[in-house]
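Read through the structure below, which is laid out as C-alpha cells, and then see the notes.
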Amino acid sequence: MTSVRDWAEPNPVTENRGGVIGKGVDRYEGALKVTGTAPYAYDTVAPSPPAIGVLVTATIPRGRVTSVDTAAAEAAPGVQLVWTHLNVPAQAPRGTRANPRSQRASNPALGSDRVEYYGQSVAFVVADTFENARAAAELVKVAYAAEPAVVDFMASFDQATLPPDEEDVHIGDFHGAFAAAPVTIDETYFSPIQNHVQMEPCATIAWWEGDKVTVHTSIQMVKGGQHALAETLAIPSSDVHLLTRYIGGGFGGKGQPYDDLILSALAARALKRPVKVAYTRQQMFHGTIHRPAVDMRVRLGAEPNGRLTAFAVEATTHCARAATFTEHAANFSRNLYAAPNRLTGHRLVRMDLPHAGPMRAPGEAPGMLSLECAMDELAEKLGLDPIELRIRNEPDIDPETGKPFSIRQLVRCMTEGAQRFGWERRNPVPGQVRDGRWMVGMGMAAAIRGNFLLPAKAGVRIDAGGIITLRQGMTDIGTGTYTILAQITAETLGVPLGHVRVEIGDSDFPPAPGSGGQFGAATAGSAAFEAGMNLRRALTELAVGDPNSPLYGGPAEYVTFENGVIAIENRSETLAALVGRAAPDGIYVEGSISPAADARDYSQHTYGAHFAEVGVNQVTGEVRLRKMFGVFAAGRILNAKTAKSQITGGMIWGVGTALTEVNAVDPRFGSFVNQDMAEYLAPVHADIVDLDAMFLDEADDKANPMGIKGVGELGIAGAGAAIANAIYNATGVRLRDYPMTPDKVLAGLMAKGL
Amino acid sequence: MKPFTYERAADAKAAVKAVAENPGAKFLAGGTNLLDLMKLEIETPTHLVDVGRLPFAGIEATDEGGLRIGGAMTNAKLAAHPKVRELYPVLARAILAGASGQLRNKATTAGNLLQRTRCDYFYDTAKPCNKREPGSGCSAIGGPGGYGAIFGASEACIATHTSDMAVALTALDASVETMTPDGGARTIKVEALHRLPGASPQVETDLAAGELITAVVLPPPPAGGQAYAKVRDRASYAHGLAMVAVAGGRVAFGAVAHKPWRAEKAEAALAAGASAAEAASAEVAGADADDRRAHKIALVRRLAAATIEDAGSAR
C-alpha cells in the first residue's frame, strides 16, 4: 500500500516547470456559463421532445394520505399521467441494496401513503407542456389524516439522545478542572436552520433506449445517483447512464438523489418518451435537505495566564426520523486548542421536519460560531488580545489524538492576517468607535476544516494530434473542478493548457467520489495526476521503443515533458509527432489514488483566520459589513483565482450566517416560513464590501502526491463568529443567537440604554 | 398558473372598459408582482389587459408648480429624473430603496402603488389567508414572523403595505389621477387610496373594478427638508422592517400598516414645536402589537426621530 513517504518525492506538479499549477487561469467552462450556453440538466436536448412533470407536495408534517382526487387533473389539457402512491409503478422498498457495492440504496418516490414531512411528494403530474403540467398539478386534491408531529426543536430537547454509534469524548477530568478553574466561560449559542438555496433547482431529464435509461441530472455524486436510480428501479446500474455535466450549485444539498431523478425515469419508461422534472424554488426548501439548527453549550476554564485547563463543546441538533443525520458541530473543536481536560459530544432530536443533511462545511459552519465567540469572551475576561489567547493555547500535537500535525500554520494565519488587516486599530474596549450613527468594531476568529482523500480513478487519452483528454466521473458544482483538472493534466504531461480537454459528469467514466466535504480537488485531482503519470510512462515507453523516434533507445529515466515536447536532452519531438506516427489510434490509460496506509497517523486540516470590521446602526440595530479579510493555509493552491473565489465565497456565507440567514419553522404547520429567495436572505452584492483573502505558501506532503488540500469549505468555518465578535466590539452587546438581525441587536442596544 | 387570455389595450378607454366588463380581468403593466402571483395561483385572472404601452410613461410640470408622473413610467426612470432628484429627493431615495435594479426597470408608478403585500402567508397557498381566501383565517397572527402591522391591524389581517415609493408619496401629499369605468376622471390622495384591513382585507383600495391609475400628481415641493430611511435585514433587495419619509412638516411610515401610514400625530406634535423624539413618541403611542412585534414599535420610534432630525438638517 501507499505510504505518505511515497508522496514526498518531487513530481511534475510539485516541480511545476510549466508554471500552470497555481496560476489563476480562467474557468475552463467559463465562457459557456456566462453566455448561457452551458447545458444544465433541464436544458439538455433529448432525442425527442420531452413531456414535463410537476410534483405535488404534502401540506402536513406527519400523517397519512387518505384520498387523492386526480379526476380534474387527469381531464386537464395535455395531461399524460397522474401518479400517486396508489398507481405509481413498482419500486424497490426504501433502503434496498440489491447490489452490495451500490453507493446508495433504493429511495422510492410516492412509495406509500405515509407523510413523513411537510413538502414530501404525494402526487406527480406529467403533461405535454410545463404550463399544462403545473396547472393540472394545482387541480390534484389530497386529503390527509394528520398525526401529532414533533416540529419545535427548542421545545424538544427532552427527546435528545446520543447519535447512533457515538459516545461523548472525555479526556482527563473536565468537570473537576472546570470547577477548579479561576476563570471560566459557560455560554450557549444557537445556529438556526439554513437552506442551501442553490441557483439551479434539482432537475432531471430522462429517456430510455430499450432497457437502458439515460438521465441528465443535477447531482454532486455521479455514482451515488446512478446507484440510487438503479436500486430504486431494480435494474442493474449498468443500465443507468447518468450525466451531470454542469451544476448550478450544490453545497451538499445535491449530494443525494431526489424525486425528480426517480420520477422522470419512471415516467419516461411509462410514456415511452423523454420526461423532464424540476423542483420549483418553493419546493426546494422542503423537498430537499437543510442545515439543521444547533444549540451549542461551550464551557471554558482557564488559568489567569490564558492557558485552557478545561474545555467542553456540546452540541444538540436534530434530524428527520426516517433519515439519520448528525450535524457534528463539536468535532472541529477536538483538534483546535490545547487543553488537558476535555469533553465534546452531540445529542440528536428526531423530528418530523424535512430531512436535515450536509450543507457546506457541515459541523464547522455552525460549530465554530460557538467556540470562536466563547474564546473572544474569554479573552476579554482575561484582558488578553483574542489572538494572543489563541497563541497561548496553540497545541504542539493534536490535542485529542496526540498525533503530529501534517502541517499547521494557524498562528501564522492569525499574525499575518492581523498585520494585513490592521488589527492594531482595534480598540479592545467595546463601544468606543463611532462613524456618525454607526458604531464601529472589529472581530476575529480562527478557522479549521478537515482535509480528506478518498479513492478515485481517472482516465486520460492522447490522440494523434497531441490533444489530451481527461475523463472522470467527477462533478463541478461551480467550484472550478474542470479548470483544476485541466491544469493538473497539463502540468503532469508538460503540455500547454490549450492542449487539454476535460470531460466529467458521466457514469461511464472512471469513477471519482464527486464534490463534497472539500475533498473533491485532492481526490479527483490526485487520480488525474496518477493517470497523467501513467500516460507519461506509456509515452516514454513508446518513444524509447520506436526506432523512428529521436528518443529511441532511451535512457527512459532522462525523458522530460515540456511544452508539448518529449525529449532526452537535445533529442526531442512533439507529442503529436510521436503519437501520430507510433500510435495513430491514440493511447488511453487510467490511474487511481487511494488514501495512504499511514495517512491517519497525522492530524491533517486546513486552517485560517478571519478578520471583520462592521458598523452597527445605533438607531436601528442594522449591522453592515465594512471590511473583511482572511488568511488561509490549505496546502498547495492549484488555481489562484478559483481557490480565492471558493474561499471568499465561503466568507460571504459567513456573513449571511452571522447577519441574515435563517429559516424559521412555523410549529402550527411544521413548515418553513421562507420559501423563496426574496425571503430567505442570503447576502446580496450590496452586503459585501471590501472583502478579500490570501493563502499562505504551503505544501502538505502528507495529503496526497501534489500536496494540495481542499478550499471549498474552509472559508465559511469561523467567518460568522468574526462578525459576531466585531458586533460585540462595536457595541458591547454580546449576542449568541444567530443570525444577528436588527431586532436582536436593537434589543441589546436598548438594554444598554443606547 | 391558470390559463388566461391577453390583449394589448389600444387606448385607456378600451382598457378600462375591458377590465370593468370582465370580472376575471386585470390590468398588466410591469408585471413584476402580478406575474409572480399568477405563477403561484395567488392571483388567478382569466384575462390580462396590457396597459404598459399606453402613453402614460412621461412626466410633466403642472400649472401648480408640481409634477404629473405617468402611471406607466418605470420606477427606475422616475427615480433618475432630474426634477425628482432636485425637488423631491425623498421620492427618489424611497424608490431606490425598493426592490432591485432589474425590478425597478420594469415596475411602474401605478403598479408600485398597487403591489400586494409580502406577507409570507399570503404567498403560501397551502396556508389560510383572509386576503387570499376571505374567511379562511389569518396565519400571520400567531406565526413566528415579527414583521406585521402595528397600526390599524385587524383580527382578519396584520399584513403591511411594503411599497417604499408610496411612503414618500404620502409624505409629499401626492394624489393619483384615475380613469373611472365610465370614462371619467377622478383624483384621490395617495394617503386615501389604500384601506385598512378591517373585516375584508382582500379589498385593498377604493378603486372601482376597471378604474385605472393614469398619473400621480405631486404638489409643489414642500418647504423644509426631506429625508427617507428604510431599515432592512440586508443592504438591498429586502422589504423594509420599517420605513420613514419626511417632507417638510409631513411624516409617513411604511411597513407598519395595511397602507402607507401618515403619521398625523407626529406632524401635529412637530407643528406644535415638539422635538423629533417627542413627535415620534406621540405617533407610536397609538401603535399596537403582540409580543412578537413589540420590538417594531421601538424601531419605528427611533427611526422616525432620527429621520425627522435628518430632514431638519437637510432643510
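Let me know the volume per residue of the alpha-carbon convex hull for the stretch A:104-196, in Å³.
227
Output wanted: per-residue J couplings in Hz (rounded whole) for the stretch A:83-99, from phi through Karplus 6.51 cos²θ - 1.76 cosθ + 1.60, θ = phi - 60°, x for Gly and Pro.
These are the phi-based 3J(HN,Hα) values: 10, 10, 4, 7, 10, 5, x, 4, 9, 5, x, 3, x, 5, 9, 4, 9 Hz.
When the Karplus curve 6.51 cos²θ - 1.76 cosθ + 1.60 is applied with θ = phi - 60°, which whole-Hz ³J(HN,Hα) does each residue of the stretch A:689-698 get, with x for Gly and Pro?
10, 6, 10, 8, 8, 9, 10, 6, 4, 7
Apply 1/(1 + (r/R0)^6) to the Cβ-Cβ distance of B:Ser200 and A:Asn570, taking R0 = 60 Å, and write down the FRET efficiency to the nearest 0.05.
0.05
Under unit Cβ charges (Lys, Arg +1; Asp, Glu -1), what dipole magnitude, rounded to 20 debye, does the protein assembly as shown have relative to its Cα centre?
Charge dipole of the protein assembly as shown: 1140 debye, to the nearest 20.
Hey, which aspartates and glutamates would be in cross-link range of B:Lys13, C-alpha to C-alpha under 17 Å, not counting anything within fewer than 8 residues on its own chain?
Leaving aside aspartates and glutamates fewer than 8 places away in the same chain, those within reach of B:Lys13 are B:Glu21, B:Asp50, B:Glu177, B:Asp182, B:Glu211.
Please compute the net charge surrounding A:Arg114, taking Lys and Arg as +1 and Asp and Glu as -1 over other residues with Cβ under 10 Å from its Cβ.
That sum, taken over residues with Cβ under 10 Å, equals -1.
Just checking the output field for B:232-245: average partner chain Cβ neighbours within 10 Å of each residue's Cβ?
Partner Cβ neighbours, averaged per residue: 5.
Over 28 Å apart: what share of the alpha carbon pairs of the stretch B:1-148 falls there, rounded to a whole percent?
Value for the stretch B:1-148: 32 percent of Cα pairs lie more than 28 Å apart.
Helix-derived [θ] at 222 nm for chain A: sum -39500 (n - 2.57) over DSSP H runs of at least 4, divide by residue count, nearest 500? Before the final figure, lay out the partial values.
Details: 17 runs with 188 residues, N = 754.
Theoretical 222 nm ellipticity from helices: -7500 deg cm²/dmol.
DSSP loop trypsin sites (Lys or Arg not before Pro) in the stretch A:244-326 with at most 10 other Cβ atoms within 10 Å of their Cβ, which ones?
The qualifying sites are A:Lys272.
Give the distance, in whole Å, between the Cα centre of the stretch A:251-278 and the Cα centre of the stretch A:419-495.
Cα centroid of the stretch A:251-278 versus Cα centroid of the stretch A:419-495: 32 Å apart.
If you keep only loop residues by DSSP, which trypsin sites (Lys or Arg not before Pro) in the stretch A:24-111 have at most 10 other Cβ atoms within 10 Å of their Cβ?
A:Arg101
What's the longest uninterrupted piece of chain A once you rule out the GluC sites (Glu not before Pro) that are loop residues per DSSP with at most 15 other Cβ within 10 Å?
A:168-568
Relative contact order (percent) for chain A, with alpha-carbon contacts under 8 angstrom and 6 or more residues of separation?
Reported as a whole number, the value is 17 percent.
Would you please classify the overall shape of the stretch A:152-239 from the alpha carbon gyration tensor, given that a ≥ b ≥ c denote the square roots of the eigenvalues, rounded means a/c under 1.5, and beyond that prolate means a/b larger than b/c while oblate covers the rest?
The shape class here is prolate.
Taking the Cα-to-Cβ direction at A:Ala71 and at B:Ala61 and moving 7 Å from each Cα, how far apart do the two end points lie in nm?
6.9
With only Lys, Arg, Asp and Glu charged, each at its Cβ (+1 for the first two, -1 for the last two), find how big the charge dipole of the stretch A:403-443 is about the Cα centre; round to the nearest 20 debye.
120
State, in square angstrom and to the nearest 100, the accessible area buried between chains A and B, both chains counted, probe radius 1.4 Å.
Details: alone 27780 and 13810 Å², together 38600 Å².
Protein heavy atoms only, the A-B interface buries about 3000 Å².
With unit charges on the beta carbon (Lys/Arg positive, Asp/Glu negative), name the residue among A:Ile484, A:Gly466, A:Gly443 whose Cα is farthest towards the positive pole of the charge dipole of the stretch A:429-519.
Of the listed residues, the answer is A:Gly443.
Given a 1.4 Å probe, how much area per residue of the protein assembly as shown is accessible, in Å²?
36
Under 25 Å from the Cα of B:Lys17, which lysines turn up, not counting those fewer than eight places away in the same chain?
Correct list for B:Lys17: B:Lys2, B:Lys26, B:Lys106, B:Lys189.
What's the local net charge at A:Arg27, with K and R +1, D and E -1, over the other residues with C-beta under 15 Å away?
+3
State to the nearest 20 debye the size of the charge dipole of the stretch A:662-754 about its Cα centre, where the only charges are +1 on K and R beta carbons and -1 on D and E beta carbons.
560
Amide H of A:Leu353 versus every other amide H placed in the peptide plane: which residues, excluding those fewer than 5 positions away on the same chain, fall under 5 Å?
Excluding prolines and chain starts, which carry no amide H, the hits are A:Arg321.
List the GluC sites (Glu not before Pro) in the stretch B:15-94 that DSSP assigns to loop (not H, G, I, E or B) and whose Cβ has at most 16 other Cβ atoms within 10 Å. Which are they?
Details: sites: B:Glu21, B:Glu41, B:Glu43, B:Glu60, B:Glu64, B:Glu86; in loops: B:Glu21, B:Glu41, B:Glu43, B:Glu64.
Sites meeting the loop and neighbour criteria: B:Glu21, B:Glu41, B:Glu64.
Estimate the FRET efficiency between A:Tyr552 and A:Ile391 by the formula 1/(1 + (r/R0)^6), using the beta-carbon distance for r and 51 Å for R0, to the nearest 0.05.
E between A:Tyr552 and A:Ile391, to the nearest 0.05, is 0.25.
Label A:Asp173 and A:Thr188 with points 7 Å out from Cα along Cα→Cβ: what is the distance between them in nm?
If labels sit at A:Asp173 and A:Thr188, their model points lie 2.8 nm apart.
Along the charge dipole of the protein assembly as shown, which of B:Leu299, A:Phe157, A:Ala521 sits closest to the positive end, that is, farthest toward it, with unit charges on the beta carbon of Lys, Arg, Asp and Glu (+1, +1, -1, -1)?
B:Leu299
Pull out a ≥ b ≥ c, the square roots of the eigenvalues of the alpha-carbon gyration tensor of chain B, then state rounded if a/c is under 1.5, prolate if not and a/b is larger than b/c, and oblate in the remaining case.
Taking the square roots of the gyration eigenvalues as a ≥ b ≥ c, chain B is oblate.
So what is the diffusion coefficient of the stretch A:328-429 in µm² per second by Stokes-Einstein at 37 °C and 0.692 mPa s, using a Kirkwood Rh over Cα pairs? Numbers along the way, then the final one.
Numbers: Rh = 15.9 Å.
My calculation gives 207 µm²/s for D.
State whether chain A is rounded, prolate or oblate according to the following rule on the C-alpha gyration tensor (a ≥ b ≥ c being the square roots of its eigenvalues): a/c under 1.5 gives rounded; otherwise a/b larger than b/c gives prolate, and the remaining case gives oblate.
Since a/c reaches 1.5 but b/c is at least a/b, the shape of chain A is classed as oblate.
If Lys and Arg each add +1 and Asp and Glu each add -1, what is the summed charge of the other residues whose beta carbon sits under 11 Å from the beta carbon of B:Arg118?
Value of the local net charge: -3.
Among the DSSP beta bridges whose two residues both lie in chain A, what percent are antiparallel, rounded to the nearest 5?
75
Report, ordered by chain and residue number, the lysines lying within cross-link reach of A:Lys223, taken as a straight Cα distance under 21 Å and ignoring same-chain residues fewer than 8 apart.
Within reach: A:Lys212, A:Lys254, A:Lys276, A:Lys457.
Which helices, taking whole DSSP H runs in chain B, have alpha carbons extending 27 angstrom or more along the helix axis plus mean Kyte-Doolittle at least 0.5?
none
Considering only A:Met351, A:Met375, A:Thr326, whose Cα is most displaced toward the positive end of the charge dipole of the stretch A:280-426, charges sitting on Cβ of Lys, Arg (+1) and Asp, Glu (-1)?
A:Met351
Between A:Arg425 and A:Asn305, what is the label-point separation in nm under the 7 Å Cα-to-beta-carbon projection?
Result: 3.5 nm between the two label points.
The values are calculated or read from the model by the stated rules, or taken from the named source; none is laboratory data. Small disclaimer: the values here were computed from a predicted structure and weren't measured. Positions of Cβ are backbone-derived with ideal geometry, glycine not excepted, and every protein chain shown enters the neighbour counts. Surface areas here come from the heavy atoms of the whole protein model, side chains and all, with no ligands, DNA or RNA. Shrake-Rupley method; radii C 1.70, N 1.55, O 1.52, S 1.80 Å.
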